[in-house]
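The values are calculated or read from the model by the stated rules, or taken from the named source; none is laboratory data. Worth saying up front: this structure is predicted, and the values here are computed from it rather than measured. When we count neighbours, we look across all protein chains shown, and the Cβ atoms used for this are built from the backbone with ideal geometry, even at glycine.
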2 protein chains.
Amino acid sequence: MSLSYAILAALFNQPCSGYDLVKRFNKSVECFWSASHQQIYKALAKLEEEGHVSSEKIEQENRPNKKLYTVTDSGRQDLQQWIGETETEIVPLKSDLLVKLSAGHTVPTETLINALDTYYQQHRDKLKSYQAVSKQYAQVPELSRESQFQYLALRAGIRQQLAWVAWCEEAMGFLGQPVKQPVIKPGAQPAAVRESSRESFRESLRESSSAS
Amino acid sequence: MSLSYAILAALFNQPCSGYDLVKRFNKSVECFWSASHQQIYKALAKLEEEGHVSSEKIEQENRPNKKLYTVTDSGRQDLQQWIGETETEIVPLKSDLLVKLSAGHTVPTETLINALDTYYQQHRDKLKSYQAVSKQYAQVPELSRESQFQYLALRAGIRQQLAWVAWCEEAMGFLGQPVKQPVIKPGAQPAAVRESSRESFRESLRESSSAS
DNA sequence: GCTTATTATGTCTATAGGTGAATATTCCTG
DNA sequence: CAGGAATATTCACCTATAGACATAATAAGC
């Protein structure tokens, strides 16, 4: 359901081809909605069938022809109506790693550390890539209102990754492993990271017990 | 795929009936894997067919009979093997709200504030409920290794919710709305929340631009 | 005796979400 | 001109999930 709207939103901001859309999803939309190219093409076909987008064949000289997709009036209305619906469910978390951890006592600690390390690296990479996009926004002197909204969505993605990175460090501390390298240069990070990275498993237990 | 393993892990920690499993998923497992009762019953049936769990009919006096599910040797091996696999993909984020926001300029700000507020409340509720479970852990003088792992998984859930709550506040600040009430009593919160709540949209932009 | 809630276990169906493989064109390099 | 990379798209299939429906026992209140 939401994939269609994610596509409508992206196309509304900037009409483009399916292929370009895939690239945009991989670059930044991914931080709030991920999808494979097959899914995107399928959803585009359905949206066109429903009349929410229209396509125009563009003849290209140096490369295969492409279809330029544009949101129709009906598509825009549908999108706006959906945004207005308050039938809002928050994202249910689904993490392989946490499932593994919840049965962690059944396997050697080393196994868990390996899994954790893989995750840690991936989250750090994602964070880095989102922060790179964030930097691009920051370099524009005056962001359009449109861009500001997109930046705000990106901020959520960054906060999610920060939370994961901080948790990985906490988990590594618990599993008795030193953190291999500092997250990112100090000073370039919002205070939240440094604070939360410092927080240990033990400390958090004590805090919970003192909470009212 | 992972639902089966989430069930195996839960049953391995504590054998129970399908009904109880549903309740456990709603209570705390949900913070790392969510599933409906239909999915759980279906997955249980499949696991039994495959021989990974066995069921025993329990006659009950005061209520309908139930089936007590236990993980078999084959199930335990399967679970342990899966935990060892390093084919680990981090959770792709999928958020309706962020999709809505990315096209936020197409609707009145009030619409967005409404949507945001609904999310804010839900994340705060989730956070509160996870923190309540966390408190239960903290009250046990000496946690078993088993429980420590589960607590660590819960910590990830809490951090996720904290990140969402903090972002909601940042977003509200951007949309020009005052935060209606403080997150939770100060002092009961890890420093990370207070820090990150304070961080504004504008400040974050400046930080991004100064980052190397 | 009737209604409603809770415990307990499922099935069916439609649709959304997701993967793997295949296809075709054009460009660039050796 | 052969082979690979980038562009651009589609098919077939499978799983996941939501929503509705079905069943049946007990317990509590009116």
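For every residue, the table says whether it meets (1) of a type outside the set (A, V, I, L, M); (2) at pLDDT 90 or above; (3) surrounded by fewer than 21 Cβ atoms within 10 Å (Cβ to Cβ).
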| site | (1), (2), (3) |
| --- | --- |
| B:Ser54 | yes, yes, yes |
| B:Asp78 | yes, yes, yes |
| B:Ile90 | no, no, yes |
| B:Lys100 | yes, yes, no |
| B:Tyr120 | yes, yes, no |
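Annotation: A:Ala10 fulfils all but one of (1) closer than 22 Å to A:Tyr151 by Cβ; (2) more than 21 Å from the chain's Cα centre (by Cα); the unmet one is (2).
Quick check, is A:Leu8 surrounded by 23 or more Cβ atoms within 10 Å (Cβ to Cβ), touching a residue at least 24 places away in the same chain (Cβ under 8 Å) and more than 10 Å from DNA strand C (Cβ to nearest atom)? Give the steps one after another, and end with the answer.
Values: surrounded by 23 or more Cβ atoms within 10 Å (Cβ to Cβ): yes; touching a residue at least 24 places away in the same chain (Cβ under 8 Å): yes; more than 10 Å from DNA strand C (Cβ to nearest atom): yes.
For A:Leu8, the condition - surrounded by 23 or more Cβ atoms within 10 Å (Cβ to Cβ), touching a residue at least 24 places away in the same chain (Cβ under 8 Å) and more than 10 Å from DNA strand C (Cβ to nearest atom) - is met.
Restricting the first member to region A:35-64 and to residues that are more than 12 Å from A:Ser17 (Cα to Cα) and touching a residue at least 12 places away in the same chain (Cβ under 8 Å), and the second to residues that are assigned to a loop (DSSP other than H, G, I, E, B) and more than 7 Å from DNA strand C (Cβ to nearest atom), the beta-carbon pairs closer than 8 Å and six or more apart or on different chains are A:Gly51/A:Thr72; A:His52/A:Thr72. Looking across region A:17-44, the residues that are under 16 Å from A:Leu79 (Cβ atoms), more than 15 Å from the chain's Cα centre (by Cα) and away from DNA strand C (no atom under 12 Å from the Cβ) come down to A:Leu21, A:Leu44. Just one residue in the set A:Leu68, A:Leu112, A:Leu47 is more than 23 Å from the chain's Cα centre (by Cα) and surrounded by fewer than 19 Cβ atoms within 10 Å (Cβ to Cβ); that residue is A:Leu68. Scanning region B:57-74 for residues that are assigned to a strand (DSSP E or B), near DNA strand C (Cβ under 10 Å from one of its atoms) and not hydrophobic (A, V, I, L, M, F, W, C) returns B:Lys57, B:Lys66, B:Lys67, B:Tyr69. Filter region B:75-96 down to the residues that are more than 8 Å from DNA strand C (Cβ to nearest atom) and either within 30 Å of A:Leu152 (Cα to Cα) or away from every other protein chain (no Cβ under 14 Å) (or both) and list them by number. Across region B:75-96, the qualifying residues are B:Thr88, B:Ile90, B:Val91, B:Leu93, B:Ser95, B:Asp96. Each residue in region B:22-52 was checked for being more than 14 Å from DNA strand D (Cβ to nearest atom) and within 14 Å of chain A (Cβ to nearest Cβ), and 5 pass. Restricting attention to region A:135-151, the residues that are at the interface with chain B (Cβ under 7 Å from one of its Cβ atoms) and buried (at least 22 other Cβ atoms within 10 Å of the Cβ) total 2.
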